[in-house]
Protein chains: 2
Amino acid sequence: MPKKAEFGKRLALLKGRLREKKLDALLVTRDVNISYLTGFAGHDATLIVTSGKSYFITDSRYIEEAGDSVKGFEVRLARRSLYEIIRDIAAAGKLRRIGFESRDLPYEIAVRLKKVLGKSSFEPAGELIEELRAVKDAGEIALIKDAIRLTHGVLAKAKSFIKPGVSEESLAGKIEIEFLKTGARPSFELIVAADAGSSKPHAIPTARKIKKDSYVMLDIGCMLRGYSSDLTRVFRVGGARPGMEKIWKVVRDAQAKAIELIRPGARIADIDAAARQYIKGKGFGRYFGHALGHGVGMEVHEKPNIAPMSEGRLVSGMIFTVEPAIYIPKTGGIRVEDMVLVTDRGCEVLSQ
Amino acid sequence: MPKKAEFGKRLALLKGRLREKKLDALLVTRDVNISYLTGFAGHDATLIVTSGKSYFITDSRYIEEAGDSVKGFEVRLARRSLYEIIRDIAAAGKLRRIGFESRDLPYEIAVRLKKVLGKSSFEPAGELIEELRAVKDAGEIALIKDAIRLTHGVLAKAKSFIKPGVSEESLAGKIEIEFLKTGARPSFELIVAADAGSSKPHAIPTARKIKKDSYVMLDIGCMLRGYSSDLTRVFRVGGARPGMEKIWKVVRDAQAKAIELIRPGARIADIDAAARQYIKGKGFGRYFGHALGHGVGMEVHEKPNIAPMSEGRLVSGMIFTVEPAIYIPKTGGIRVEDMVLVTDRGCEVLSQ
């Protein structure tokens, strides 16, 4: 749980963004964003952030917890309809332009709120908080490092489980239990893919068994105290197969090319291009179809997206994956995924 | 995985609902509803159900899996933008009135689709599939019974873990591991709350330790082969405390009052009222703030909602929780939660 001062800073940053957008208020409905601003980990809460007072609205199931832990917000019990409470706060605060999280809020609720708010303008505001969340503060960086450290420990254990005869499913189950034993939990459906199975980027673990000469891809990560990790490693069970070794080297080198460019101010699309062009140059371009990486934090996939069409530039404090890959259909794939922090002068690979 | 005949029946029922609503098609975007209609368990798929042909649209990551398993739908690869594919299907099929899942689809996407669809009317269609899902077929009832049976087994194990000195967190972790060992997984954040912690309906497990005279509330459930369970039990570690025993009895009796009324045709609001009025009559009305229950199936919270303002009547095949409670702030709470199936003549408590 971050310190109170950090919640205060986040709220102040958001208020700055509202001023830039000329919004009087933002209705915050996404759980993860509410947690980011307040530390509240429950569901069914709603925030109204204004330049002055801000409100935390929840129902009787959570009101006691909210009263204990949410600072800087006036806590309101949703005894009546949430729509009416929002209307009343808007009227009392003379809120004329109210933004909402339009990539999240369902159509029907947005339309009802538009009606209820009558004179106020209720406007799609995209993903303002997701944009703030892309840049991590010191507390968040420390928490993400903890999650990565723990994942390294589980990877070391997992390595000892990789033996001929063990199925992907059973290996995935063992890894999951290792995470739970440490008090973390998987932050996504763990990927354990041996041989041909690893040719699909999002392979679901199957009954396929590891063989004496298998290459096994593990894409694993955990959620620990609210923050995630996400790493991919390939393990070789037996002797080297030249074809696999070759693409493995190309992928590693492509990753290094991308990481070299990571520093504040770099164009995000250039980071993706560095790895993609390198893989293309080696003749494997058609076997790498997905984005190079994605932000990791309270969600395992968040901003910034590191992809060919990404706009914008890197900012110190961003944390994201760099995960080039080559997938050869029916044969197998290699993906290497590390997490990188943009520092003031360059970058720090957090996971090596 | 249900049988193909069941998917066919579900699709036919949905087409009937579309006719009633005079819709030419329904755009289905919620993963769980797609899974209900097709058995497909991946993400990033979209359905268009029409009175004639129906379409299953997914991207290259899932197309192989979809081709293998989805019957009764024409599978389309989302090579271009999903918006364009939907527009083309609407044009080719002369679909004039297209409904969408307006309680789910984010505002921004709905607005873009409305624009893209031009001449067709794109209309909020609420939760048509969730309404169908409220009534379970024989296959679903069997799967839910399996999930409940497994949860009973884990509860018995959990009882043996409850000892003075064990923290809520560590107990929750152990219970989670028990579920995983059986091949199930928790269907929600398990609630383990000792003493004062149990005065919050949705308590998050903490470092609080179980004491010699604790009352420990476990609200646990699992997801097994796509279907959920959800049960709450309170365990007493040491001797009886009169205050707690008194509210425990009131809660049990309130539950019995509600269950007595469950049968096809009963007003849902009356079921809630039976328990609520009883608790009120005993002087604890202000300590029971949430709904009496909720449907359980592919989701752990689904229709029907059993609450004071619920409209509608019970139908044979519905499965829902009955979970009255009394929460005394700073002292502790008692909740007893069972799952009940509405049968042709009355009901069957599935979890006792």
Name the residues in segment A:232-243 that are surrounded by 15 or more Cβ atoms within 10 Å (Cβ to Cβ) and under 22 Å from A:ALA156 (Cα atoms), would you? A:THR232, A:ARG233, A:VAL234, A:PHE235, A:ARG236, A:VAL237
For residues that are of a type in the set (A, V, I, L, M) and out of contact with any Lys or Arg (no Cβ under 9 Å at 6 or more places or on another chain), scanning just segment A:136-153, find the one that is surrounded by the most Cβ atoms within 10 Å (Cβ to Cβ). A:ILE148
Just checking, does segment A:168-184 include any residue being hydroxyl-bearing (Ser, Thr, Tyr) and out of contact with any Gly (no Cβ under 9 Å at 6 or more places or on another chain)? yes
Top-ranked residue in segment B:115-152 [being within 16 Å of the chain's Cα centre (by Cα) and within 14 Å of another protein chain (Cβ to nearest Cβ); ranked as nearest to B:HIS294 (Cα to Cα)]: B:GLU130
Could you give me the residue pairs with C-beta distances under 8 Å whose first residue belongs to segment B:328-352 and is outside the structural domain of B:GLY317 (by TED's automatic domain parsing), whose second residue is polar (S, T, N, Q) and open to solvent by 10 Å² or more (accessible area, probe 1.4 Å) wherever it lies, and which are 6+ apart or on separate chains? none
Might you let me know whether segment A:314-336 holds any residue that is within 14 Å of another protein chain (Cβ to nearest Cβ), within 30 Å of A:PRO186 (Cα to Cα) and among the basic types (Lys, Arg)? yes
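Could you check segment A:1-43 and list, in sequence order, the residues that are without any contact (Cβ under 8 Å) to a residue 24 or more places away in the chain and under 21 Å from A:ILE98 (Cα atoms)? Before you say what the answer is, go through the steps one by one.
Taking segment A:1-43 first, the residues without any contact (Cβ under 8 Å) to a residue 24 or more places away in the chain are A:5, A:12, A:16, A:20, A:31, A:34, A:43.
Hits for segment A:1-43 are A:ALA12, A:GLY16, A:GLU20, A:ASP31, A:ILE34.
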Residue identified as at pLDDT 95 or above, open to solvent by 20 Å² or more (accessible area, probe 1.4 Å) and either hydrophobic (A, V, I, L, M, F, W, C) or not assigned by TED's automatic domain parsing to the domain that holds A:VAL340 (or both) among A:PHE161, A:PHE122, A:PHE188, A:PHE100: A:PHE161
For segment A:296-344, how many residues are of a type in the set (Lys, Arg), modelled with pLDDT of 95 or more and more than 14 Å from the chain's Cα centre (by Cα)? 2
Within segment B:74-86, does at least one residue satisfy the condition of being in contact with a Pro (Cβ under 9 Å, 6 or more places away or on another chain), among the aliphatic types (A, V, I, L, M), assigned by TED's automatic domain parsing to the domain that holds B:GLY8 and touching a residue at least 24 places away in the same chain (Cβ under 8 Å)? no
Can you find, within segment B:180-235, the residue that is nearest to B:GLU168 (Cα to Cα) among those that are touching a Lys or Arg at 6+ places or on another chain (Cβ under 6 Å) and within 13 Å of another protein chain (Cβ to nearest Cβ)? B:GLY197
When segment A:249-265 is examined, which residues are found to be open to solvent by 60 Å² or more (accessible area, probe 1.4 Å) and without any contact (Cβ under 8 Å) to a residue 12 or more places away in the chain? A:LYS249
Tell me, yes or no, whether segment A:154-169 has at least one residue that is within 14 Å of chain B (Cβ to nearest Cβ) and in contact (Cβ under 8 Å) with a residue 24 or more places away in the chain. yes
Check B:ARG112, B:ARG19 and return the single one that is over 27 Å from B:GLU299 (Cα atoms), open to solvent by 60 Å² or more (accessible area, probe 1.4 Å) and over 25 Å from the mean Cα position of the chain (by Cα). B:ARG112
If we keep only residues of segment B:170-179 that are within 12 Å of chain A (Cβ to nearest Cβ) and touching a helix residue (DSSP H, G or I) at 6+ places or on another chain (Cβ under 8 Å), then the residue surrounded by the fewest Cβ atoms within 10 Å (Cβ to Cβ) is B:ILE177
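The values are calculated or read from the model by the stated rules, or taken from the named source; none is laboratory data. From a predicted model like this one, the values you see are computed outputs, not experimental measurements. Don't worry about glycine lacking a Cβ; one is built from the backbone with ideal geometry, like all the others, and counts go over all protein chains shown. Accessible surface areas use protein heavy atoms only, side chains included; no ligands, DNA or RNA. Shrake-Rupley method; radii C 1.70, N 1.55, O 1.52, S 1.80 Å.
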